[in-house]
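Below is one structure, written out as structure tokens; the observations come after it.
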Amino acid sequence: MRARWIIAAAAGLWLAAYGRDRVDGWIDATILPSLVVETSVEILDRNGDLLRAYTVADGRWRLALPPDRVDPDYLAMLLAYEDKRFRDHPGVDARSMLRALLQAAWNGHVVSGGSTLTMQVARLLEESGTGEVAGKLRQMRVALALERRLTKDQILQLYLHLAPFGGNLEGVRAASISYFGKEPLRLTPAEAALLVAIPQSPESRRPDRAADRAEAARNRVLKTAVGEGVIDTDTAEAALREEVPGVRKPFPAFAPHLADRARAGDPALATHRLTLDRDLQSKLETLATEAVEGLGEQLQVAIVVADHASGEVLASVGSAGYQADLRQGFVDMTQALRSPGSTLKPLIYALAFDQGLAHPETMVDDKPTTFGTYAPQNFDRLYRGTIRLREALQLSLNIPAVALTEALGPARLISGMEKAGMKPVFPGGQPGLALALGGVGVTLEDMVQLYATIARGGVVRPLTYRIGGAEAEGQRVISAVAAWQVGDILAGLAPPPGAPSNRLAYKTGTSYGHRDAWAIGFDGSHVIGVWMGRADGTPVPGAFGADVAAPVLFQAFNRLKQKLDPQPPAPASTLLVSNAELPQPLQRFRSRSAAFQRAADAPAVAFPPDGAEVELLPAGLKVKVSGGTAPFTWLADGVPLAVALEARETMLVLPGAGFVTLSVIDAKGRSARSKVQVR
């Protein structure tokens with residue numbers, strides 16, 4: 001070992017002393033390894049903070065780091081300890097070589113190394129050893145060639161990228177993040193010294209495995225730093241008392257779903273700048289974890305926050321945890337197709353206001369109604385009679401929403417969704433009136449986009465998550481008046497228990513079978529959407545948007561800002577009047593099918609129902625009427641059988657079996673019929 005090292009050192013001295021005059025051709029003919037170092041793909045937030053990084057192809061953490069992004073004290077310590085004449089030598093330092101050679105000869109073994117930083121970079125580039133003569137000579141040759149082809153800062157940057165720090169950590173930035181949990185721009189003297197010391201023997205000095213050896217090596221660097229005037233004695237003594245980190249910290253992994261999507265969208269890009277805010281993202285990821293805690297192993301949540309003026313997404317939480325668990329946390333639920341339940345109703349109302357079909361103060365009937373063959377019911381199966389449309393939307397009543405959709409036509413509603421930038425999917429073919437109650441597949445991002453459009457006064461601006469990717473304003477979806485009217489109605493909705501009464505404009509929704517619970521809201525600047533359910537689409541019994549998703553929505557706004565931004569004032573052309581002051585056609589809404597519907601108190605044959613098969617008893621056929629006003633007259637095939645009856649039930653004597661049409665007429669001349677088969 002001693003002989004090999006002396007030979008290599010002597011050769012190095014010769015190269016350093018005479019290489020410029022005698023071996024230029026030999027150096028210029030050097031075939032260099034690739035100088036392009038693969039570094040981790042990085043996902044950065046709007047402020048340049050690291051959201052997530054990916055390992056390079058061989059599974060190593062190696063993050064890009066220019067010299068001006070590392071603590072100056074670290075660079076000063078590095079050069080003082082490893083290569084004091086780095087800025088002056090041509091790649092091989094003759095003085096260091098001579099010193100090392102004399103020390104080895106005097107002591108009988110290697111006391112100090114003569115390798116320059118450039119030689120270390122040569123070794124790291126070729127992943128070569130340090131002990132063999134041929135290897136050392138090769139490092140010298142490559143170092144000399146590197147100095148001719150690269151600047152000193154470029155060589156230094158290669159070292160900052162390639163220096164080994166134990167395990168799969170390479171480069172100063174990866175080590176700083178892993179050992180200290182921070183970027184290397186501002187290091188304590190103790191941290192800087194540790195990062196200088198580890199690469200000399202990266203596996204034996206790993207702080208997470210050999211803290212004592214790491215500390216001893218760090219202290220030697222600090223001693224040298226004092227001797228070279230890099231730091232003073234007091235600073236060094238304080239650094240000596242600082243503990244060496246005993247564990248590796250995890251690399252940042254914020255917004256993992258969106259990070260994956262951004263990387264897949266542009267795989268050639270090394271650095272992705274997103275519009276997210278890392279602090280807000282962190283807060284909402286914590287909120288998501290808290291939201292599902294104690295609610296079963298399968299309940300999942302997703303949250304999207306956007307600035308509706310710019311269209312920039314500020315936070316995107318795809319699940320409560322990015323993992324393959326029972327919640328299927330690896331699935332990005334901001335992109336999953338789900339039923340929106342009642343959260344489409346604000347668009348329905350806005351379109352109806354725009355078309356002159358209704359006004360927030362228009363009266364509407366909330367009663368059992370059949371629309372052709374479609375007979376929707378309110379979610380609670382209760383009916384409120386005649387109420388204002390404002391109240392109907394706040395109560396999320398189904399019958400008025402379907403009636404408005406029938407008047408608009410489903411095609412107009414679909415067009416409104418698509419104009420707002422949504423991409424609705426209709427699994428059952430041509431959509432019908434069930435569309436109004438969530439009979440469509442949409443994503444959470446779709447719904448946030450829709451509510452952002454309403455919040456912006458009815459003009460769409462597509463959401464974006466990339467810096468510089470914002471698009472200009474798009475087409476108008478609804479008028480500014482209709483948008484304000486809907487926002488004003490939603491701002492009057494009572495908040496969840498315990499939440500502040502801050503006039504947040506929001507809407508909740510629950511899809512059929514309790515598969516999806518929604519809450520989406522906006523103030524004067526931001527829009528937030530919350531979805532909760534199971535990733536596999538199975539029901540969550542008892543889960544309502546108002547109960548589970550709305551509290552999360554209000555908490556999300558609370559973590560976004562301390563105080564809501566006010567909604568804009570009503571446009572000048574807004575009609576702010578009571579129902580009595582509305583034009584006559586707007587005072588009361590009547591659906592298209594209203595003319596063909598019987599009045600709520602009209603008579604109906606309660607028994608036997610239409611199409612039934614009934615048995616003729618010896619006493620006759622039992623019949624019953626509901627609704628209507630007594631007295632009643634019963635007919636069979638137009639022949640009166642019972643006249644002026646006060647009772648609602650009676651027995652009719654029929655001539656025999658067969659098909660018969662029963663009719664009943666009340667005191668107001670209103671009638672109902674039922675065709676049955678008598679046996």
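What follows draws every value from the coordinates through simple rules; no lab data is involved. Only a predicted model underlies this, so the values are computations on that prediction, with no experimental measurement involved. Neighbour counts run over all protein chains shown; Cβ positions are idealised from the backbone, glycine included.
Computed from Cα positions, the angle between helix 72-82 and the longest principal axis of the chain comes to roughly 40 degrees. Counting only residues at least eight positions apart within a chain, or on another chain, the aspartates and glutamates with an alpha carbon under 17 Å from that of LYS622 are ASP610, GLU613, ASP637, GLU646, GLU649. To the nearest ten degrees, helix 550-560 and the longest principal axis of the Cα atoms of the chain are 40 degrees apart.
Too long at a 28 Å Cα-Cα cut-off: which of LYS367/LYS563; LYS367/LYS419; LYS283/LYS419; LYS283/LYS563; LYS152/LYS249?
Over 28 Å apart, Cα to Cα: LYS367/LYS563; LYS367/LYS419; LYS283/LYS419; LYS152/LYS249.
Seen from THR633, the other residues with C-beta closer than 15 Å to its C-beta sum to a net charge of +1, counting Lys and Arg as +1 and Asp and Glu as -1. By the helix-only formula, in which each DSSP H run with n ≥ 4 contributes -39500 (n - 2.57) and the sum is divided by residues, the chain has a 222 nm mean residue ellipticity of -10500 deg cm²/dmol. Could you compute the net charge surrounding GLN377? Neighbours are other residues with a C-beta less than 12 Å from the C-beta of GLN377; K and R count +1, D and E count -1. With Lys, Arg at +1 and Asp, Glu at -1, the net is 0. Listed by chain and number, the lysines whose alpha-carbon sits under 16 Å from that of LYS223, ignoring those within fewer than 8 places in the same chain, are LYS84.
Short-range pairs are left out: with C-alpha atoms under 8 Å and at least six residues apart, the relative contact order of region 598-678 is 38 percent.
Against the main long axis of the alpha-carbon atoms of the chain, helix 117-126 sits at an angle near 60°. Taking every alpha-carbon pair under 8 Å whose residues sit at least 6 apart, the chain reaches a relative contact order of 10 percent. With the convex hull drawn around the C-alpha atoms of region 598-678, the volume per residue stands at 76 Å³.
For region 139-178 versus region 491-567, the inter-centroid distance based on Cα atoms is 51 Å. With K and R counted +1 and D and E -1, the other residues having a Cβ less than 11 Å from that of ARG327 yield a net charge of -2.
Over region 301-395, what is the relative contact order in whole percent, taking alpha-carbon pairs under 8 Å and six or more residues apart?
18 percent
Rounded to the nearest 20, the size of the Cβ-charge dipole of the chain about its Cα centre is 520 debye, with Lys and Arg at +1 and Asp and Glu at -1. Roughly what % of DSSP beta bridges within the chain run antiparallel, to the nearest 5? The antiparallel proportion sits near 90 percent.
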